[in-house]
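Chemist: Below is one structure. I have some questions about it.
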Amino acid sequence: SVRESGEDVKADYKITVTLAGNTENYTITTGEAKFAIKPAKVTLTAVDETTTYNGTEQSSSGAYTCSVSGVEFADGEIVAVAKGTDAKDYPITFADGTVGKKDKTGNYEVEKVEPGTFTIEPAKVTITPNDNSKIYGTQPDPTLTETVTGTIYNNEFTYTSVRESGEDVKADYKITVT
């Protein structure tokens, strides 16, 4: 028997019988059969991603890996996404119907999908009290001020600067933000 050549996924490669040897004493009937090559199964895994809180809804990039290197799907065919605004973890999930999709060649089929995690980390904000001073015995404490660095994204924080108690001449009364 000989199978029709080819290695791509196909349901009907022909298998034919070839005869050899002493066949003149026989009436031989040959037939055909079909040989199928089925798609190889692959697993897609969403790539974990991290970003920083910015006050707006953010989305993961949709990146994923395939269990077989070099397998490519048509643009937009595979969608794996997470969206979120607040600083926390969000699951990256694949769109319904991803399992069963075939790659560009048709030789690979998605059998399984693994979710990932899209992490939005808190924005970093630093509130530092500014140095200040007064003249001994003649002035009340000045208004204490602070310098805010980092991005707050229209969020308001309530904080107060407090000076270490004491009225004697001293160069290092501590000012802290609470």
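Chemist: So the check is Cβ under 9 Å with 6+ separation or different chains; which pairs have a first residue in the stretch 43-63 that's at pLDDT 95 or above and a second one that's open to solvent by less than 50 Å² (accessible area, probe 1.4 Å) and of a type in the set (Asp, Glu)?
Modeler: Note: pairs meeting the criteria are 60/49; 61/49; 63/49.
Chemist: Same structure again: Pairs, please: C-beta under 9 Å, at least 6 apart or cross-chain, first residue over 21 Å from residue 103 (Cβ atoms) and in the stretch 6-30, second part of a strand (DSSP E or B) and open to solvent by 100 Å² or more (accessible area, probe 1.4 Å)?
Modeler: 14/32; 14/34; 15/32; 15/34; 16/32; 17/32
Chemist: Also, quick follow-up: From the residues in the stretch 7-28 that are assigned to a loop (DSSP other than H, G, I, E, B) and surrounded by 11 or more Cβ atoms within 10 Å (Cβ to Cβ), which one is modelled with the lowest pLDDT?
Modeler: 17
Chemist: Quick one: which of 134, 170, 174, 112 is of a type outside the set (Val, Ile, Thr) and under 32 Å from the mean Cα position of the chain (by Cα)? If you could, list the steps in order and put the result at the bottom.
Modeler: Working: 134 fails: under 32 Å from the mean Cα position of the chain (by Cα); 170 fails: under 32 Å from the mean Cα position of the chain (by Cα); 174 fails: under 32 Å from the mean Cα position of the chain (by Cα).
Only one candidate passes the filter, namely 112.
Chemist: Can I ask one more? Please find, among 72, 77, 121, the residue that is at pLDDT 95 or above, closer than 29 Å to residue 7 by Cα and surrounded by 10 or more Cβ atoms within 10 Å (Cβ to Cβ).
Modeler: Selected residue: 72, the only one of 72, 77, 121 that is at pLDDT 95 or above, closer than 29 Å to residue 7 by Cα and surrounded by 10 or more Cβ atoms within 10 Å (Cβ to Cβ).
Chemist: Still on this structure, please answer the following. Quick one: would you say residue 105 is surrounded by 10 or more Cβ atoms within 10 Å (Cβ to Cβ), in a loop (DSSP other than H, G, I, E, B), in contact with a Leu (Cβ under 9 Å, 6 or more places away or on another chain) and modelled with pLDDT of 90 or more?
Modeler: no
Chemist: Also: For the structure I just gave you, tell me whether residue 146 is open to solvent by 90 Å² or more (accessible area, probe 1.4 Å), of a type in the set (Asp, Glu) and modelled with pLDDT under 95.
Modeler: no
Chemist: Could you list, in sequence order, the residues of the stretch 29-64 that are open to solvent by 80 Å² or more (accessible area, probe 1.4 Å) and among the β-branched types (Val, Ile, Thr)?
Modeler: If the condition is that a residue be open to solvent by 80 Å² or more (accessible area, probe 1.4 Å) and among the β-branched types (Val, Ile, Thr), then 29, 50 are the ones that fit.
The values are calculated or read from the model by the stated rules, or taken from the named source; none is laboratory data. Predicted model, so just to flag it, every value in this text is computed and none were measured. Reconstructed Cβ throughout: ideal geometry from the backbone, glycine too, with neighbour counts over all protein chains shown. These accessible areas exclude ligands, DNA and RNA; they are computed on the full protein's heavy atoms, side chains included. Shrake-Rupley method; radii C 1.70, N 1.55, O 1.52, S 1.80 Å.
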